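Structure first, then comments.
The values are calculated or read from the model by the stated rules, or taken from the named source; none is laboratory data. Just so you know, these numbers come straight off a predicted model, no measurement behind them. Backbone-built Cβ (ideal geometry, glycine too); neighbour counts: all protein chains shown.
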Amino acid sequence: MNAPPINSELLDLLDAICNDALTGDGRQRLAAILAEDAEARRIYFDYIEMHVQLRRWQKAETGAAETPRRADSPPPHDDPHPQPIILDLSSPSNASTPFVGGFAFSYMVASVFMCLLLLGFWAYKLPSDRDSSIASSDNSRRSTTSGEESIHDRPAPVFVGRVTGIAGAKWSDEPDYIAPIGYRVALGRTYKLKSGLMEITYDSGAKVILEGPCSYEVDSTAGGYLALGKLTAKVEAGGEGREAGEVVSGQWSVTSMKEEGGRRKEEGDRPNAASLATSHQPLATNPSPLFSVRTPTAVVTDLGTEFGVEFAENGDTTSHVFRGSVRMQIVGNDKHIVLHENESARIALDDSGKPSLAALGALHSPRFVLEMPASKSAAAAKAYAELVLSLEPAAYYRMDCPQDKTSLVVHDSAPGQHHGELRLGDAFGGSPYRGGSLGESLWFRGPDVKDYVIVPDYPKTTNGQLTISAWVMAVSRPAWAMIASNWANLWRPGDKAPGQFHFGLCRAAGDLSARVTQRNGTRLDIREGGDRPLPLFVWQHVALVSDGNSLRLYRNGVEVAVEPCDGILAEPPVASLSIGCTLNETGSAARDDAHPRSIFWQGRIDELAIFNRALSAKDIEQLASSKTFNQEEDEQMNQ
């Protein structure tokens, strides 16, 4: 599978930012590219992050020049003259530079520019949030184009959740409705679906599935207003530290009804933006409100349950409980009923136009969608995992974020369950898991930080055959950057073999390469070629295959190098596997004697699989040609 080319125009614009050379037309063009293309936004942030790493490298190299390396400190492997990292992108000189016009100044300009760009993007590109992302209801219904209020006076939006699923969604074609952009859910945002499904996950953990045609306003941190259509809500009992049915203080009171757009909408006491923004803080002493769904005629309140609500065009509100119980209250009436599992109730307008209970019991309830269909990324990741597992890997690291977000375990999906340990060089400001080729991937920050994964023991080949398959994205090319290795330290003449293999980039040239110990104990090197460095910022499928007679390198399903090979050493001196680096002499950790700018991968690694047999060229082509989707693509709502 051929990787898509990098957008050279985007990289030129980014380079202009970092060199303080971006023109007014360039700013407009960059804003348009970033607004329209999620991949461009990802490249932007990776590019800026790489420049931060370059600045840190510059400082480290300046310090290293003042403190010479120990005479007995060996270079990586047996290369007597290791070279510093070489980037395709411009990098600062080691010589000291003045602040104005220097790297720090350029990066500061770039950062400020991005902040202004994002601010402008929010103000101009997201007018659909003008109705509701503000604190008061008066503010929230004031048009940004009516002349009543300047967008510069508008408070910042309060985000209360995320869109976590979309399937076949088509937005309303009403002339005054602007479809949302992005996946963060702002307080007061109204979602109008013409058809299809959309799932919202609140920060509290509650999930709502909207089914078009539908109009739903997220008007609190614990619920919303259903003006039309159907939804299913899932809120686990006790999820906020309360028992099912416990009444929580601070619930909105149903006080009045008002006509709005031909529909009646109750206007309770609305808290301000500050209280809404803090009502779900994990350390808050006040309990969170019960989750509730309001319609023009009813308020359905969760008591620890899974339930559906429909508001029909004729004014009927129907609720059905699948699990647990809900409290259903008529708007403008203090009386309420409690529904339990498999019970339904309908509230309709009587002859005088007032809502009243029309039916109760095991009604013929509307059909509700209880689960979202699998997303593109989930379906693609599942199909890819099934393909890999059908090839019987000895170890398979999918690089998916564990359920415990703070866990450092990197799970092995192969039957042997040889899990790895993620070792971070320093604290991560966010999650080390990023969008991958399929689903998620692990982000490694390179030699300055030294992140890596170590697997203490795993099944090593004993038959001379070996295959390593992975998806990788490099953001720079540190010398000898490793994807995976069973390789301990250096190999000098007369030394015992340091391991079975290492697989990554060759020296500072940055092309795909590998080194193996053959069955006869000799070393064999293979590389794609110094004139073909691994592309940056794009996903690449890479593979190393030994069939006992030859050693082959593949990139994107195409064989790029082959060498005669007498198989793979059966009993290496180290038991462990490293991902993102090479090992020390005992195999217990990453090497600590290498050149400062070497051995650690900088970028993302995904779907790493090790097979103790030789996969065929057809197998490799199939692994490389699987269409890749990731969660970042799924989250784009304007598709």
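Considering the stretch 507-535, and only residues there that are touching a residue at least 60 places away in the same chain (Cβ under 8 Å) and touching a Pro at 6+ places or on another chain (Cβ under 8 Å), the residue that is surrounded by the fewest Cβ atoms within 10 Å (Cβ to Cβ) turns out to be A509.
Counting just the residues of the stretch 507-531 that are of a type in the set (G, A, S) and either in a strand (DSSP E or B) or closer than 22 Å to P564 by Cα (or both), which one comes out farthest from the chain's Cα centre (by Cα)? Working first, answer last.
Looking only at the stretch 507-531, we keep the residues that are of a type in the set (G, A, S), and these are 508-510, 513-514, 521, 529-530.
If we keep only those that are either in a strand (DSSP E or B) or closer than 22 Å to P564 by Cα (or both) as well, we get 513-514, 521, 529-530.
Details: S513: 29, A514: 30, G521: 43, G529: 33, G530: 33 Å.
Filtering the stretch 507-531 for residues that are of a type in the set (G, A, S) and either in a strand (DSSP E or B) or closer than 22 Å to P564 by Cα (or both), the one farthest from the chain's Cα centre (by Cα) comes out as G521.
Are any residues in the stretch 339-352 surrounded by fewer than 15 Cβ atoms within 10 Å (Cβ to Cβ) and either touching a residue at least 24 places away in the same chain (Cβ under 8 Å) or in contact with a Ser or Thr (Cβ under 8 Å, 6 or more places away or on another chain) (or both), and if so, which ones? Across the stretch 339-352, the qualifying residues are H340, E341, D350. Taking the criterion of being within 13 Å of I166 (Cβ to Cβ) and buried (at least 19 other Cβ atoms within 10 Å of the Cβ), the residues of the stretch 184-207 that qualify are V185, Y191, L193, L197, M198, E199, I200. Considering only residues in the stretch 155-188 that are among the charged types (D, E, K, R) and under 23 Å from the mean Cα position of the chain (by Cα), the one that is nearest to R367 (Cα to Cα) turns out to be R162.
If you check P289, P213, P296, which single one turns out to be at pLDDT 90 or above and over 17 Å from G165 (Cα atoms)? It would help to see each step written out before you state the result.
On the way: P289 fails: at pLDDT 90 or above; P213 fails: over 17 Å from G165 (Cα atoms).
On inspection, the qualifying residue turns out to be P296.
Residues in the stretch 540-551 that are under 17 Å from A609 (Cα atoms) and surrounded by 22 or more Cβ atoms within 10 Å (Cβ to Cβ): 6 in all. One residue alone among A206, A233, A227 is assigned by TED's automatic domain parsing to the domain that holds G308, closer than 11 Å to Y191 by Cβ and modelled with pLDDT of 50 or more, and that residue is A227. Where strands (runs of 3 or more DSSP E) fall entirely within the stretch 349-458, those with at least 2 residues that are touching a strand residue (DSSP E or B) at 6+ places or on another chain (Cβ under 8 Å), modelled with pLDDT of 85 or more and over 16 Å from D606 (Cα atoms) are at 355-361. From the list G587, G504, the lone residue that is buried (at least 22 other Cβ atoms within 10 Å of the Cβ) and in a loop (DSSP other than H, G, I, E, B) is G587.
Is it true that I454 is surrounded by fewer than 24 Cβ atoms within 10 Å (Cβ to Cβ) and of a type outside the set (S, T, Y)? Please lay out each step first, then the result.
On the way: surrounded by fewer than 24 Cβ atoms within 10 Å (Cβ to Cβ): yes; of a type outside the set (S, T, Y): yes.
Considered against the rule, which asks whether it is surrounded by fewer than 24 Cβ atoms within 10 Å (Cβ to Cβ) and of a type outside the set (S, T, Y), I454 comes out as yes.
Total residues in the stretch 538-552 satisfying the condition of being touching an Asp or Glu at 6+ places or on another chain (Cβ under 6 Å) and under 23 Å from S626 (Cα atoms): the figure is 1.
Look through the stretch 459-486, keep the residues that are in a strand (DSSP E or B) and within 20 Å of the chain's Cα centre (by Cα), and return whichever of them is farthest from S625 (Cα to Cα). Let's see the steps before the verdict.
First, the residues of the stretch 459-486 that are in a strand (DSSP E or B): 466-474, 479, 482-486.
If we keep only those that are within 20 Å of the chain's Cα centre (by Cα) too, we end up with 470-474.
Details: A470: 13, W471: 11, V472: 14, M473: 16, A474: 19 Å.
Among residues in the stretch 459-486 that are in a strand (DSSP E or B) and within 20 Å of the chain's Cα centre (by Cα), the one farthest from S625 (Cα to Cα) is A474.
Residues in the stretch 307-342 that are closer than 13 Å to T297 by Cβ and among the hydrophobic types (A, V, I, L, M, F, W, C): V309, F311, A312, M328, I330, V331. Quick check, is A394 under 24 Å from G165 (Cβ atoms) and buried (at least 19 other Cβ atoms within 10 Å of the Cβ)? Considered against the rule, which asks whether it is under 24 Å from G165 (Cβ atoms) and buried (at least 19 other Cβ atoms within 10 Å of the Cβ), A394 comes out as no.
Per-residue answers, yes or no, for (1) in the same structural domain as Y458 (by TED's automatic domain parsing); (2) part of a loop (DSSP other than H, G, I, E, B); (3) within 31 Å of the chain's Cα centre (by Cα):
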position	(1), (2), (3)
P533	yes, yes, yes
V542	yes, no, yes
D566	yes, yes, no
G603	yes, no, yes
A614	yes, yes, no
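Residue check: is K405 charged (D, E, K, R), exposed (fewer than 12 other Cβ atoms within 10 Å of the Cβ) and not assigned by TED's automatic domain parsing to the domain that holds V309? So K405 fits the description; yes.
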